[in-house]
1. Scan the stretch 464-517 residue by residue and report those that are at pLDDT 90 or above and among the charged types (D, E, K, R).
2. Could you check how many residues of the stretch 207-220 are more than 18 Å from ALA247 (Cβ to Cβ) and crowded, with 16+ Cβ neighbours inside 10 Å?
3. I'd like to know if the stretch 433-441 contains one or more residues that are modelled with pLDDT under 70 and not hydrophobic (A, V, I, L, M, F, W, C).
4. Is at least one residue of the stretch 439-447 more than 20 Å from ALA524 (Cα to Cα) and in contact with a strand residue (DSSP E or B) (Cβ under 7 Å, 6 or more places away or on another chain)?
5. Which count do you get for residues in the stretch 340-367 that are of a type in the set (Asp, Glu), at pLDDT 80 or above and touching a Pro at 6+ places or on another chain (Cβ under 7 Å)?
6. Might you let me know whether the stretch 528-537 holds any residue that is over 30 Å from LEU639 (Cβ atoms), modelled with pLDDT of 80 or more and part of a helix (DSSP H, G or I)?
7. Residues being surrounded by fewer than 24 Cβ atoms within 10 Å (Cβ to Cβ) and outside any loop (DSSP other than H, G, I, E, B): count how many of those fall in the stretch 469-480.
Amino acid sequence: MSRDHVQSARRPAPADAVGARHEGAPPPGGAESAYLELLAGGASVEAYEQPVLVARAEGRAPERIAALERAKLLALRVRGELEGRRRREAELSALFETAHDLAGLRDVDAVLQAIVQRARSLLGTDVAYLSLNDPARGDTCMRVTEGSVAARFQQLRLGMGEGLGGLVAQTARPYVTEDYFKDDRFQHTLTIDAGVRDEGLVAILGVPLMLGPHVIGVLFAADRRERVFEREQIALLGSFAALAAAAIDTANLLTETRSAVAGLERANEIIKDRSAAVERASDVHDRLAELVLRGGGVQDVAAAVAQVLDGKVEFADTRFAGTSDTRSAETAAPRPLETSRAEGHAVRHGDDWIAAVAAGGELLGALVLRGRADLDPVDQRTLERAAMVTSLLLLARRSAADAEQRVRGELLDDLLDARDRDPRQLRDRAARLHADLDATHVVLAARLDGPAAGAGDEAAARRRLWSAASRLATARHGLAAARDGGTVLLLPLDPGDSATEVARRTARRLGTAVHQPVTVGASAPVTDHTARPESVAAAYAEARRCLDALDLLGRGGDGAAAADFGFLGLLLAGERDVAGFVTRTIGPVVAYDERRGTELLDTLDAYFASGMSPVRTKDELHVHVNTVAQRLERVARLLGDDWQSPPRVLEVQLALRLHRLGAKPGRG
């Protein structure tokens, strides 16, 4: 959390002053003005209750209090979003500040201490510390600590495979534990456990410091209480570990340079060459820092590095990296990219150099330098640093995309829930998202069919469904939100398209995206959702009924619109045993046809369609009237003599209809 943010959070809440104006009267502008002042003043969460409490104490009208409650919830939501953005900005700022420290590296211990301090601050842990491997002794020893109070802990040495840190150093993989002493994955020793117990640590996260394929140490963040470290926190600590490894690598490079200057006759030439390379590296660092500060993108980074390295630099995703012709990249082997990712260095590939762009173990793409067969070590590291900055920009862009998805979901939630919203305000919010609420739309309810694939994590599967639906809605200039255990979408309806086609197409696309069948129900087209916001909620209810109908009919993974079911869509709402009803009503006839290959079901369909007239039925079926009579006698023996009574006729016709609907298009 930044210093400005901490100070703003501690400022006295302006709510008392707001409530006291004009002898308790509400501030000018109403509820929105009061909460805008709180937001502008950086008030604490508790201060947002004050306007409501004042209004109640003054006996304000219920409508006024309700308006204040709604404004409070929206203001708290905006405050939470601002808090999240401040936190992400603080994380990126700390990473960039640390990267800047590397450019002017003088004291590696000072840089490592700064990395540990910033890691502890951003992760909010009690202790952060860093250990470095000792190849001569075959263990890893404590190098830098922040927040530690125990001398024995600060002097620990961990053998390879011993404790959490020894396991990280041995396997080159991050490890995390909520309660160290209850975790039997680690080899506990008396020395290590005594040091950890002296420090009072419980939850520990450790990530490796990598130079190429080699582990040179471990960076830790730990708490003196049980704690679950999130995936984003693990990735953030991994980024700090990469910077720490870069600091050590740069320090080693400087040491090697000084030794070479002292021992070689051509020291002066070496110094000049290295000076030019360092100047180029400093130049690219300055350019990259400027790009980040003014909001540049990935292509801007590639252009800046190309100027410094005197070559053509391109960003390529994982399909294209490692080839000189992007049109044929999908058939090319990604071996150079995987090598760069595994070793942490730029890799030569023919006349090109490839530097993997990765973050937290996730491969995001690569920077490809074209036409430079020879590349000195400093230029190689410059390309690698550019790849690191590119990964940070991609992560920031992903965060922005996630924020836009949330905003789209909030707008759709307001359309579904807040029926008293100002239509003009809704249109303005939609326009900022490139969505046209005046166009004809269709509301779709989507739900996963069957258990989640793989590990069976239902919550994760639902998140994947929401993410895929959000991407589809963004591409179609629509809206999407998570709701009722599934996802709801509001998509524009193209001319000549139908709600049924949209539902089936959406089911296929979402199913492909999440690698699991997805069932989609669609409403009739909606054209007045801004003039009458309640129409969106009604359309969603209709889509939900259609979704339930598909499930009841065994058509999971399919898509359909409410119009496909006619009046049966109303009958299928709720929990009903459709299969049991069909079996009880016409099950013997269905079984008879399947067993003997007869056409009793077709005869019944034609019989009812012909007004229960055997003569018209025989014309419909193109058979003799005696054949119709024989088939109807067989039906009577199977269903009972009263099957043509008015109550039984209605049940039989409904069962026939349900039996036909139970088959997907293209099935029998």
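The values are calculated or read from the model by the stated rules, or taken from the named source; none is laboratory data. Being a predicted model, the structure only gives us computed values, none of them experimental. Here the Cβ is made from the backbone with ideal geometry for all residues, glycine too, and neighbour counts use every protein chain on show.
1. Residues satisfying the conditions are GLU501, ARG504, ARG505, ARG508, ARG509.
2. The number of residues fulfilling the criteria is 0.
3. First, pick out the residues of the stretch 433-441 that are modelled with pLDDT under 70: none.
Looking for residues that are modelled with pLDDT under 70 and not hydrophobic (A, V, I, L, M, F, W, C), one finds none in the stretch 433-441, hence no.
4. no
5. Count: 0.
6. So in the stretch 528-537, the residues over 30 Å from LEU639 (Cβ atoms) come out as 528-537.
Remaining after also requiring modelled with pLDDT of 80 or more: 536-537.
With part of a helix (DSSP H, G or I) added as a condition, the list becomes 536-537.
Scanning the stretch 528-537 turns up at least one residue that is over 30 Å from LEU639 (Cβ atoms), modelled with pLDDT of 80 or more and part of a helix (DSSP H, G or I).
7. In the first step, residues of the stretch 469-480 are kept if they are surrounded by fewer than 24 Cβ atoms within 10 Å (Cβ to Cβ); the result is 471-472, 474-477.
Filter once more, keeping what is outside any loop (DSSP other than H, G, I, E, B): 471-472, 474-475.
The total comes to 4.
One line per residue, one yes/no per condition, for (1) surrounded by fewer than 23 Cβ atoms within 10 Å (Cβ to Cβ); (2) more than 19 Å from the chain's Cα centre (by Cα):
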site: SER467; (1), (2): yes, no
site: LEU489; (1), (2): no, no
site: ASP497; (1), (2): yes, yes
site: THR512; (1), (2): yes, no
site: HIS515; (1), (2): yes, no
